[in-house]
1. Which of the helices (runs of 4 or more DSSP H) contained wholly in the range 79-170 include at least 3 residues that are closer than 25 Å to residue 256 by Cα and modelled with pLDDT under 85?
2. Every residue in the range 810-836 that is touching a residue at least 40 places away in the same chain (Cβ under 8 Å) and either within 17 Å of residue 861 (Cβ to Cβ) or assigned to a helix (DSSP H, G or I) (or both), please.
3. Report, by residue number, each residue of the range 699-752 that is polar (S, T, N, Q) and either surrounded by 18 or more Cβ atoms within 10 Å (Cβ to Cβ) or modelled with pLDDT under 85 (or both).
4. Here is a check on your reading of the model: is residue 572 surrounded by fewer than 16 Cβ atoms within 10 Å (Cβ to Cβ) and at pLDDT 90 or above?
5. Would you pick out the residues in the range 281-339 that are among the small types (Gly, Ala, Ser) and either touching an Asp or Glu at 6+ places or on another chain (Cβ under 9 Å) or farther than 18 Å from residue 360 by Cα (or both)?
6. Among 971, 949, 954, which is over 38 Å from the mean Cα position of the chain (by Cα) and of a type in the set (A, V, I, L, M, F, W, C)?
7. Could you pull out every one of the strands (runs of 3 or more DSSP E) wholly within the range 273-358 that has 2 or more residues that are among the small types (Gly, Ala, Ser) and out of contact with any helix residue (DSSP H, G or I) (no Cβ under 6 Å at 6 or more places or on another chain)?
8. Out of all the residues in the range 964-989, which are among the aromatic types (Phe, Trp, Tyr) and closer than 20 Å to residue 913 by Cβ?
Amino acid sequence: MRKLLVLFLLLSTTILFSQSINTEFGKNRVQFTDDFNSWDKYETENFVTYWYGKGKMLGKTVLQYAELDHTDIQDILEHRMNDKIQIIVYLDVTDFKQSNIGTEDIFGSTTGKTKIVGNKMFVYFDGNHSHLRKQIREGIARVYLNAILFGSSIQEIVQNAVLLKLPEWYKEGVVKYAAQPWDNEFDDELRDLLESNSKYSNFEKLADSHPEIAGHSMWYYIDQNYGRLSISNLLYFARLSSNLENSLGYVLNSNYKQLQRDWSEYWFSHYVSENDLFDATNLNNEVDLKNKSYVPVSHLSYSPDGSQLLYVYNQQGKYRIMHREMESGDEKTIMKYGHRNALQKTDYSYPSIVWHSSGNEFSMVHEHRDLRYLRKYKLGDKVTYEEQLLPEAIRRVYSIDYISDTEYIMSANMVGYSDLIHYDFILREPTQLTNDMHDDLSVQLIDRGQDRGVLFTSNRPLDWKDLEDIDTIVPQGNLDLYFYNLDSKSIELIYDTKFDITDPIYMKHGKVSYLSNQSGMQNHYIYDMSTGISSVKSNVDRNIILHAMRPNSKIATYTYYYDGGYRIFDKDISGSFETATTFYYKGLEELTQETEEVPLIFLDSNDNTMQPEYMFQSKFPDPAVLPELELSTESRLSLHNDIIDGDSLNEEDLADWNPARIVAGRKKFRVDNFTTKFDNSVLFEGLENYNNLGEGIDFGALGINEPANELQYAPNGILFQATVKDLFEDDVLVGGFRLPIRFNGSEFFLIYEDRKKLIDKKYSLYRRTYGETYESSSNQLYRTSTNLMLGEFQMKYPFDIFRSIRLRTSLRLDRYLLKSSDEESLDDPISFDKRLSIKAEYVYDNTIDISTNIKNGTRYKFYIEAINRFDLQVVDGFELSPSEGFTSVLGFDFRHYIPLLRHSVLALRGAGNGSVGSEKILYYLGGMEGWIFQSFDQETTTPANTRFAYQTAANQLRGFKTNARNGGSFALINVELRLPIFKYLLGPNKGTSFFKNFQFTTFFDIGTAWHGLSPWGDDNPLNTVQVNSGDVISLNINYFRNPLLMGYGTGVRATILGYLVKFDYAWGVENGKVQDSRFYFSIGADF
């Protein structure tokens, strides 16, 4: 068996060396489709738009929206760019989440690293062009904000990334402000936050928890009270002065504290004025569901007889389909799927569910690994289902309804748009009923007397006809109610409003229940198709997100966000209602009314002559005749509410479209980041050859004291590194080198990552050289040279964003020699070690970086590894020795981060490794990672009769030197509490990066390393003492000591010049005795 394994290692093309304690985790991008292999692009005046597959017409719409809104963004932010913005278009959110493109869109400088994202943005289509356009505007605004704050040249980027530290609300808020006007959704979110938690009257506390809505509300307040031009002026002066407080003083003649007070007064008076206008939420009407955590509800529907309720709650991608018996209140889970993912956009469109008219069956569409499935459930004592894979042509299903037991009507995406689709379950065949660019959503089968067809919402114009030439047309307007006749294939407008109709539900007697925000609050209405009259059915104090009508009753069920959670309420709609208009919406109505313009008067209205104090100061004489002052009649208040209203678009407003100008999107590379920093981190997991002094070198014959074979730590040096990526980040090239400050060696590395397919591949080359100088008793200097060459290949198969299996293999060559300086050194042999290794890992990582050195979540890995030492000679003949030493390694590393006190974390870690074979790995326990002034304990010996392949440090165990314990196995537990104390004292967004990231820590470490099977075994040298009496008597005495070491202490963490610096003061405990305290100074983040 061993010979077969050795042969496999020799023939294997996948290679890696042994596991170090500096463990690599990481998340994954999972690509289930090969559509991304071929991209097309189209270039216009200000944009370069990329799309793939069937995204041609969607790409055309995106570039025309972008050019249409580009000027408006420029006018809002008062900035111009010379470079064109690159837009990458994805057909849906699933494809977007498969992309390798990262989510970090800003520049940041951390430990010498400057991120350069450039002018790239990406959007996806969710079936609604209005949402698509908002994404486009937000992307353009974000690119422009980066250009305003950080500049475009490399010099400006580096300088401003280091100097300009603006709060998150500032950046996120101005992007939202420029992209979208203040609307009922933003207004409702802020209303709930301010009313549900009194601490949010303090702007800083709101900005800490909800930076986007806090920022948007602040910029909207500035717009309404200081004018639209103040926005661009604030951005300009913020960059100029690198200080928020100074820019507020220059532009607004106010300080930050006063601005916060004014903001609070403005919004509280805003909502106080709405008191008693709306029907207050009655918690007694809340439906008692199992959704106790109040996560978003993405579906809500009653069975045809009203006796059963289906609802879906979705917690960041992990959803459950729940079934509730209305009479008994019993609930059960029909299906649960997915996992929580706070790092990517949550897809609330799946599952899509519809009841069968019988009431004992329902169908649902869900997605798994980018494939769509239609599942039919039969309800009863035992729930059963049958499932069918939908054709690949159906890329996404937005809504679904039954036509018959085996036929469905869908709102689905087949060619890049949302269209009406007829689907035959038996034949597994889709047929497009509509095929145009307009949105067709929320389908339902209805009977209108003799007419049978589909009720749906659409933004199609009244006079729309299928046209061949649609180059100068984009989808626009609001979602109105339409009817598609299945017999005549004709489309009829049912109800036209100036606002979107959402979540329509067909009722008996030709009535349609729907939601609309026409009063500034999303309320419930019922439209009677026979009379053409729409009646109000609610006047709630929150936006209704979803609603359901309980058949055979006067009860409507609403879900909306209230008091910090998504809740469901029943409401009796039998009475009459009138909707009140919100404060912000009243303001919009007043501003849009035609009123007499009043000029802004700054001087005496009766005196239009130029006064001396207002004259421009110049050394040149005044002109003979001064022109009269021209008083502005333009209001300083900005409507900023019609930027995405497309009803009035003309053909000349849109960018030209010529299909002949479409070209293939070829590879385009750019520098993603570059690093120059002081560094002592482990590169390539940093295992050191145990035979680093070589075999056969007779130091005694050279007059040199035999050097101790202690661990050679990662050198303190200067690291230079650059990362180059292609536009889609499928190809990544990393290169760099590190020079130790002693200038006694160097390290070079080159890494290429191929991430185009489901299985990611990584190729690495690494070379390290270092030398030492020894002086003999005759004052002769001798120099040694140690060289390491490593070639590595890795394959990673991701199951999802958090879980993956990784296979690594490596070929490693170590060479040690004594450089020739005399005849004795010339005759010394050169020592070579050659090893092949293979390792398999299972990795899980769902951690989220909250701030510097503060994580939440869990990550762990389990791994197994085999290492084979061989010899191959090709000089003076061919000689192969397939196996001269063999090592097997089994290990784990588990880390869990528990959030505490809002900003703090309790970090837990458990790790262990074991090595067996003819050669083992020697683990040195003690010390900590990144230790600058390292110290090695020479008193702890290693067994002379054991051969080791590699040696490495098993960190971290504070309170001891490195090598307080050693062995072929180790186990270690770390507990550390990290408290960012100045976030509690000053507030989370105040102070420099030093104060924001300053942390007080207290810790406890416990661990051991051992030789043999057990730390307490007789074969562990720690438990044996050898006593010699001359040449006659030699005794081995079993002296059992406690192998466990413990350390405890306290420390601080701080960011200094971009480096996370750690100071720890620790006491070790050995055999129950507390040791002398020890101080540690190190660089780098903790475990």
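The values are calculated or read from the model by the stated rules, or taken from the named source; none is laboratory data. No experiment lies behind these values; they were computed from the predicted model shown. With ideal geometry, Cβ positions are generated from the backbone for all residues, glycine too; neighbour counts draw on all protein chains shown.
1. Numbers: elements: 93-98, 129-150, 154-163.
Hits in the range 79-170: 129-150, 154-163.
2. 824, 825 - these are the residues of the range 810-836 that are touching a residue at least 40 places away in the same chain (Cβ under 8 Å) and either within 17 Å of residue 861 (Cβ to Cβ) or assigned to a helix (DSSP H, G or I) (or both).
3. In the first step, residues of the range 699-752 are kept if they are polar (S, T, N, Q); the result is 705, 709, 712, 716, 721, 723, 744, 746.
Selection gives 705, 709, 712, 716, 721, 723, 744.
4. Working: surrounded by fewer than 16 Cβ atoms within 10 Å (Cβ to Cβ): yes; at pLDDT 90 or above: yes.
Considered against the rule, which asks whether it is surrounded by fewer than 16 Cβ atoms within 10 Å (Cβ to Cβ) and at pLDDT 90 or above, residue 572 comes out as yes.
5. Within the range 281-339, the first condition is being among the small types (Gly, Ala, Ser), and the residues that meet it are 293, 298, 301, 303, 306-307, 317, 328-329, 338.
Once the filter is applied, which keeps residues that are among the small types (Gly, Ala, Ser) and either touching an Asp or Glu at 6+ places or on another chain (Cβ under 9 Å) or farther than 18 Å from residue 360 by Cα (or both), the range 281-339 yields 293, 298, 307, 317, 329, 338.
6. On the way: 971 fails: over 38 Å from the mean Cα position of the chain (by Cα); 954 fails: over 38 Å from the mean Cα position of the chain (by Cα).
After applying the criteria, what remains is 949.
7. Numbers: elements: 297-302, 308-315, 318-325, 331-337, 352-355.
Strands (runs of 3 or more DSSP E) meeting the threshold: 297-302.
8. Here is the first cut: in the range 964-989, the ones among the aromatic types (Phe, Trp, Tyr) are 970, 982, 984.
Once the filter is applied, which keeps residues that are among the aromatic types (Phe, Trp, Tyr) and closer than 20 Å to residue 913 by Cβ, the range 964-989 yields only 970.
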